[in-house]
């Protein structure tokens, strides 16, 4: 019966799992994280928060995300991706709904922190699914399918949240949290029903492996089941270097995203709707970037795929800073949108290459620590440079320089010798 699900229908169950991974990122990142930007202005007016308090809400959410992004990968490796993602999405959905009941800053901060916990615990295991269900030569493409949910969720939230805010007036922000949180809980039920942690749960081998869709050999199954030794993650030197490379993405991309609208509105004189339209363009195009760049990394190898992605991002940042016209803004938005989640996709696939499918969530969680440090430092330095030079162009050029360093560093990545390290 299990083999029939994988073969007789002509569709390997791994593709269903990738669809569930994409659904997870739609809820976790698109609804739980990206929609936050759209809801905050109305939330500020209703609760009379200061901008400093709004910033702290974002910080609380990020702290929660980073904490569980690291631990969540290890939990998934021990208890299974299915149970960790399901519980994380339930936590997210519940705390998002409760956020809509907030009357004070302290209450809202705690809820955003807890939502961040769920976000990190769901996102990392979902991004590592490709390493479990696909052989090395196809992991990048598979992971790209999962990351497409980030852009798709951002686009969906961008379409429905403004409508909710308008329909419910001053309480629009509350109902936005209610609807989005409810959607995440529904997603948790669907994901729990269909997702599986490993191919052997369906009696299958990873897509692209020598066995294809055939039943997994007992010895291989036994080897995977006993390979759960967490210390093997941080003992792999290549994983540390992978984290270093990932740091530069976190540092540079967040500068572009943080000051994107402020630069266009405050310095370039665009309207809110014009800046919003450009950001919507980024979100829509980013739906496809994971698949594109994951496929490129499968074809060229992780180091060349990563190097090319970093170089492309550097070009986007430089154009945004130097070509101060509508053509430059749109050109930069298109390039960034088509490359936005390239590095996370490639890093997720590479983590599986280095530590094997069983430990892939733990490996990705480990290197996410480096990414998180970069993401925390980038806006602070970018804001300092903007204040010191009275221009956002300098931070964007600095981000471009860091991205170029990422290009060079990527070329020094060493490929693992085996498809399954452990």
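Taking the range 161-203 only, how many residues are modelled with pLDDT of 85 or more, farther than 18 Å from residue 76 by Cβ and not in a helix (DSSP H, G or I)?
Summing the residues that are modelled with pLDDT of 85 or more, farther than 18 Å from residue 76 by Cβ and not in a helix (DSSP H, G or I) in the range 161-203 gives 1.
Residues that are assigned to a helix (DSSP H, G or I), modelled with pLDDT of 85 or more, surrounded by fewer than 17 Cβ atoms within 10 Å (Cβ to Cβ) and not assigned by TED's automatic domain parsing to the domain that holds residue 361: does the range 40-47 have at least one?
Yes, there is a match, as at least one residue in the range 40-47 is assigned to a helix (DSSP H, G or I), modelled with pLDDT of 85 or more, surrounded by fewer than 17 Cβ atoms within 10 Å (Cβ to Cβ) and not assigned by TED's automatic domain parsing to the domain that holds residue 361.
Can you pull out every residue in the range 273-311 that is closer than 19 Å to residue 346 by Cβ and out of contact with any helix residue (DSSP H, G or I) (no Cβ under 6 Å at 6 or more places or on another chain)?
Listed by number, the residues that qualify are 288, 292, 299, 300, 301, 304, 308.
Out of everything in the range 251-272 that is in contact with a helix residue (DSSP H, G or I) (Cβ under 8 Å, 6 or more places away or on another chain) and modelled with pLDDT under 80, what residue ends up being surrounded by the most Cβ atoms within 10 Å (Cβ to Cβ)?
The selected residue is 258.
Picking from 21, 10, which residue would you name as being surrounded by fewer than 16 Cβ atoms within 10 Å (Cβ to Cβ), in the same structural domain as residue 199 (by TED's automatic domain parsing) and either at pLDDT below 85 or in a helix (DSSP H, G or I) (or both)?
Of 21, 10, the one residue that is surrounded by fewer than 16 Cβ atoms within 10 Å (Cβ to Cβ), in the same structural domain as residue 199 (by TED's automatic domain parsing) and either at pLDDT below 85 or in a helix (DSSP H, G or I) (or both) is 10.
Can you tell me which residues in the range 90-117 are out of contact with any helix residue (DSSP H, G or I) (no Cβ under 7 Å at 6 or more places or on another chain), under 18 Å from residue 45 (Cβ atoms) and in a helix (DSSP H, G or I)?
Across the range 90-117, the qualifying residue is only 107.
Based on this model, can you work out whether residue 87 counts as in the same structural domain as residue 63 (by TED's automatic domain parsing), farther than 17 Å from residue 40 by Cβ, modelled with pLDDT of 95 or more and surrounded by 19 or more Cβ atoms within 10 Å (Cβ to Cβ)?
no
Test residue 116 against the criterion of being closer than 23 Å to residue 74 by Cβ and not assigned by TED's automatic domain parsing to the domain that holds residue 347, and give yes or no.
Yes.
Which of the residues belonging to the range 359-399 are under 21 Å from the mean Cα position of the chain (by Cα), buried (at least 23 other Cβ atoms within 10 Å of the Cβ) and over 27 Å from residue 132 (Cβ atoms)?
The answer is 378, 399.
The values are calculated or read from the model by the stated rules, or taken from the named source; none is laboratory data. These numbers were taken from a predicted model, which means no experiment stands behind them. With ideal geometry, Cβ positions are generated from the backbone for all residues, glycine too; neighbour counts draw on all protein chains shown.
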